[in-house]
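Visitor: Let me give you the structure first, and then I'll get to my questions.
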Amino acid sequence: MLRVLILQSQRLSHLLVWIGGVLILFSAALVTAEVFMRKLFNISIGGADEISGYAFGVATTLGFAYALFERAHIRVDALVLRFPRKLQAWINLLGLVLLVGFAGVVTWTAWGLVADTLTHGSRSITPMRTPLAIPQIPWLAGWIFFVYCGVLLGIASLAATLSGRDEEAHRLIGLKSLGEQIEDETA
């Protein structure tokens, strides 16, 4: 059951990272159009910077879970690779717990922010007067999904480590070897 949940979450993370990529491309096109219109016609679209800021924030959180499944979050690995595989598994698990714990605190705080926004009907203090719930809700959803995926991977990795399946735990949350990184690039 846990493997099915992880696989479904991994598939959803692929979809979300593509949505995030589209948001980034949309932002780039919007800002580019804004620059050209200002330069050529002395006309401003208005709000391009605000919209692209919201899009960037949402796109970032939508990519967090994908980076987790791809083991792409930045970590210092100079010493870890010299440890025995069993110890590496426990260090990687500790790192995941700390990462997901931090994300949990951010998510909890973001939840409160969105709740306040909805309660008060908060809007941006720009000429667009954007209802802040519009960008904040998908931003919060990205954080929630990231924490959920981290918990799933943590449970699966802990189960694998406790039952002596260190290689499985490594494939879930361990550092990617140079060979794995090259395989990803050629695939």
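Visitor: Are there chymotrypsin sites (Phe, Trp or Tyr not before Pro) in the range 24-100 that DSSP puts in a loop and that have at most 16 other Cβ atoms within 10 Å, and which ones?
Guide: none
Visitor: Can you figure out the FRET efficiency of L175 with V35, using R₀ = 30 Å and their beta-carbon distance, to the nearest 0.05?
Guide: Once rounded, the FRET efficiency stands at 0.15.
Visitor: Please identify, among T161, T60, T119, the residue showing maximal mean-square fluctuation in a Gaussian network model of the chain using a 10 angstrom Cα cutoff.
Guide: T119
Visitor: On to the next question. Mind pulling the angle between the C-alpha long axis of helix 85-120 and the longest principal axis of the chain? Nearest 10 degrees, somewhere in 0 to 90.
Guide: Approximately 30 degrees, to the nearest 10.
Visitor: Additional query: Give me, ordered by chain and number, the residues 5 or more places off R123 or on other chains with an amide H under 5 Å from its own placed amide H.
Guide: Amide H neighbours of R123, under 5 Å, 5+ apart: L132.
Visitor: Of the candidates V35, V58, V106, which one comes out as most mobile in a Gaussian network treatment of the chain with C-alpha springs shorter than 10 Å?
Guide: V35
Visitor: How fast does the chain diffuse by Stokes-Einstein, in µm²/s, taking the Kirkwood radius from C-alpha pairs at 25 °C and 0.890 mPa s?
Guide: 131
Visitor: Could I ask something else about it? Just in the range 25-111: which trypsin sites (Lys or Arg not before Pro) are loop by DSSP and have at most 14 other Cβ atoms within 10 Å?
Guide: In loop regions of the range 25-111 (DSSP not H, G, I, E or B), the sparsely surrounded trypsin sites (Lys or Arg not before Pro) are R75.
Visitor: Shifting gears a bit: Would you grab the residues whose amide H sits under 5 Å from the one on D77? Only those 5+ places off in sequence or on another chain, please, with H modelled 1.01 Å from N.
Guide: Placed amide hydrogens put nothing under 5 Å from D77.
Taken together, the values in this text are just the output of simple stated rules run on the coordinates, not laboratory data. It should be emphasised that the depicted structure is a prediction, and the values quoted were computed from it without experimental measurement. Quick reminder, even Gly has a Cβ in these numbers, built from the backbone with ideal geometry, and neighbours come from all protein chains shown.
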